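Below is one structure; the comments refer to it alone.
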């Protein structure tokens with residue numbers, strides 16, 4: 001019986017193999033350890049620089065003339081400030097520009113609010129009330145450049161320009177003066193990355209578009225974003241449009257945003273004319289235009305005393321009528337508290353656009 005163990009050849013081979021593996025991985029281990037120490041050293045240097053820079057900033061706040069200021073051009077404007085430079089370590093150096101602090105730090109003031117001019121084929125026209133048709137390709141909105149008061153002009157750096165639109169509403173409603181109650185549909189901010197319509201069409205944030213930033217051409221928006229008629233109406237139609245300008249100082253302080261007059265953008269809408277009991281077990285809704293064959297009864301909210309219909313369909317002999325049938329129906333008196341939501345019925349021409357009654361979006365109606 002042979003004794004268990006390793007031969008001398010096997011032992012020598014194993015030692016050689018271990019040595020080969022060690023030689024292969026040793027540089028990697030050494031490099032990793034070296035990087036760790038270097039990263040630690042770099043972090044120490046970075047914190048040291050940060051502490052020294054913050055110290056200089058604090059000293060300049062207390063004594064703004066402590067260093068000789070110089071002028072730098074930012075966004076085309078001359079800004080006076082101080083250069084902070086450090087090179088205490090051979091591995092790195094730091095440059096920093098700190099705008100010079102002034103005693104009062106005035107904020108630019110807009111001389112007068114912006115005014116939206118309505119133009120047809122590039123020529124200014126006067127319309128009262130200020131209502132434009134979304135489908136009119138000859139119409140555009142334009143705002144002249146905004147002036148800053150002479151007393152604050154020397155502290156002015158730049159402005160942010162925004163086109164706003166309200167929620168969908170009727171022209172009889174009064175638009176808000178608060179920009180927070182609007183959606184931003186177009187913006188130009190020189191301090192942000194410039195985008196095109198194509199760049200921004202699939203993004204979830206506000207596009208930053210310089211081209212024609214003070215002009216709103218509805219047909220151009222539709223073409224640039226490849227909007228269908230339905231999406232175009234739902235996005236911009238039956239809303240108020242306003243223009244806002246916000247000035248910024250040389251030190252980046254924000255001035256008061258001034259809002260323009262409001263222009264109403266009128267678009268097709270599905271208007272419910274009336275709702276009546278008919279034939280004992282039917283309710284018929286009549287609209288101002290033809291509705292499509294699509295009917296979503298889940299978006300028809302009827303009074304609890306009526307309950308849901310057994311069926312709801314378009315009258316094929318008259319496409320302006322929607323017929324709802326019931327197993328039984330109490331039609332002894334007028335019944336209020338009913339409502340149509342977007343998608344309950346669709347426009348035969350434009351698809352799923354909002355339903356209106358008595359100039360109220362998704363307004364309640366009475367069945368007579």
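Got at least one residue in segment 212-220 being under 14 Å from the mean Cα position of the chain (by Cα), closer than 30 Å to residue 346 by Cα and modelled with pLDDT under 95? For segment 212-220, residues under 14 Å from the mean Cα position of the chain (by Cα), closer than 30 Å to residue 346 by Cα and modelled with pLDDT under 95: absent.
Taking segment 116-170 as the range and being more than 27 Å from residue 251 (Cβ to Cβ), part of a loop (DSSP other than H, G, I, E, B) and over 24 Å from the mean Cα position of the chain (by Cα) as the test, the residues that pass are 121, 122, 126, 127, 128, 129, 130, 136, 137, 138.
Go through segment 222-239 and give me each residue that's in contact (Cβ under 8 Å) with a residue 24 or more places away in the chain and in contact with a helix residue (DSSP H, G or I) (Cβ under 8 Å, 6 or more places away or on another chain). If the condition is that a residue be in contact (Cβ under 8 Å) with a residue 24 or more places away in the chain and in contact with a helix residue (DSSP H, G or I) (Cβ under 8 Å, 6 or more places away or on another chain), then 224, 225, 232, 236 are the ones that fit. Among the residues of segment 278-293, those that are in contact with a strand residue (DSSP E or B) (Cβ under 7 Å, 6 or more places away or on another chain) and surrounded by fewer than 20 Cβ atoms within 10 Å (Cβ to Cβ) comprise 278, 281, 282, 284, 286, 288, 289, 292, 293. Among residues that are within 18 Å of the chain's Cα centre (by Cα), at pLDDT below 95 and either in a loop (DSSP other than H, G, I, E, B) or farther than 25 Å from residue 128 by Cβ (or both), residue 234 is included.
Residue 71 meets each of the listed conditions (1) surrounded by 15 or more Cβ atoms within 10 Å (Cβ to Cβ); (2) in a strand (DSSP E or B); (3) at pLDDT below 90 apart from (1). With respect to the conditions (1) assigned to a strand (DSSP E or B); (2) assigned by TED's automatic domain parsing to the domain that holds residue 141, residue 252 lacks only one, and its number is (1). Residues in segment 294-321 that are outside any loop (DSSP other than H, G, I, E, B), over 37 Å from the mean Cα position of the chain (by Cα) and surrounded by 14 or more Cβ atoms within 10 Å (Cβ to Cβ): 312, 313, 314, 321. Here residue 174 meets the list (1) at pLDDT below 95; (2) under 15 Å from residue 258 (Cα atoms) almost entirely, failing just condition (2).
Of everything in segment 250-277 that is crowded, with 18+ Cβ neighbours inside 10 Å and more than 28 Å from the chain's Cα centre (by Cα), the residue that is farthest from residue 163 (Cα to Cα) is 277.
The values are calculated or read from the model by the stated rules, or taken from the named source; none is laboratory data. Note that this is a predicted model, so its numbers are computed, not measured. Please note: Cβ atoms are built from the backbone with ideal geometry, for glycine as well, and neighbour counts cover all protein chains shown.
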